[in-house]
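Worksheet: one structure, shown below.
The values are calculated or read from the model by the stated rules, or taken from the named source; none is laboratory data. Being a predicted model, the structure only gives us computed values, none of them experimental. Methodologically, a virtual Cβ is constructed for each residue, glycine included, from the backbone with ideal geometry; neighbour enumeration extends over all protein chains shown.
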């Protein structure tokens, strides 16, 4: 299934003139650790499917769904059975701050099954099945149809009471207030991540004390403020590295890092390679 890989970077072999690649996969094949800019949905149809990522092992049963966020290294041992593997470059199709927030909050992956998301797991199963059917038929406007269904999946995740925002408060009215406030904070960070943002500044923006904000922000996102900020800076840097006219130093400074060493260190932590290695892999796409 992996057709082009350099180091750990997989170049997704999208169908011609689309940002989609969908497999009805029955291969008994091991896939080594790799990552790609596409979001990936895995849904076993027959037999279990195992995915290793970020030090975690997910054992997916038929009907379970795993959404792997863009840029997350993962691997899969050989497993017998059948599963849908759906890869889509959603960043080029949707320019929505809410989508970026959902993907950031779902890092590194989101497990959707009867235990984690009981209210939306069946609708998402149905949508993924419809997406695979659209792809197989390839009728006129099928790509638009697929992305409209993907958008619906993200709406279901974002609005679900079982999503990460549900960790903030057991009180429904307070949960809604906190969710809106922290979505707004995440959007602000996403848009201003290249600037010199501080914890004090963002806590003040949220209306909470620094201590209270730090605790709630970690509950909401699963990350500390600075980890989340650096993730957004590295995502910004990846786009700049695709342009050979930008030096690595220029990319570092334009992405909010105060020094080359800090940039390289954080890039390696989050991507598993140096910025120069990433640029080389990108050029081979």
task = Just give me the residues in region 35-47 being outside any strand (DSSP E or B) and in contact with a strand residue (DSSP E or B) (Cβ under 6 Å, 6 or more places away or on another chain), in sequence order.
result = 36, 38
ask   = Filter region 274-285 for residues that are in a helix (DSSP H, G or I) and more than 19 Å from the chain's Cα centre (by Cα); which is surrounded by the most Cβ atoms within 10 Å (Cβ to Cβ)?
value = 275
task = For residues that are outside any helix (DSSP H, G or I), in contact with a helix residue (DSSP H, G or I) (Cβ under 8 Å, 6 or more places away or on another chain) and at pLDDT 90 or above, tally how many sit in region 247-273.
result = 4
remark   = By residue number, the members of region 54-76 that are part of a loop (DSSP other than H, G, I, E, B), touching a strand residue (DSSP E or B) at 6+ places or on another chain (Cβ under 9 Å) and farther than 11 Å from residue 109 by Cα are 61, 62, 63, 64
ask   = Do you know which residues across region 216-238 are at pLDDT below 90 and farther than 15 Å from residue 257 by Cα?
value = 216, 217, 218, 219, 220, 221, 222, 223
request  = Sort out which residues of region 193-246 are assigned to a helix (DSSP H, G or I) and in contact (Cβ under 8 Å) with a residue 60 or more places away in the chain, and write them in order of number.
outcome  = 220, 221, 228, 231, 232, 235, 238
request  = Return only the number of the condition from (1) out of contact with any helix residue (DSSP H, G or I) (no Cβ under 6 Å at 6 or more places or on another chain); (2) under 19 Å from residue 63 (Cα atoms) that residue 148 does not satisfy.
outcome  = (2)
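Every residue, every condition in (1) farther than 22 Å from residue 132 by Cβ; (2) buried (at least 21 other Cβ atoms within 10 Å of the Cβ); (3) assigned by TED's automatic domain parsing to the domain that holds residue 144; (4) modelled with pLDDT of 95 or more, yes or no:
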position	(1), (2), (3), (4)
17	no, no, yes, no
36	no, yes, yes, no
39	no, yes, yes, no
48	no, no, yes, yes
61	no, no, yes, yes
70	no, no, yes, no
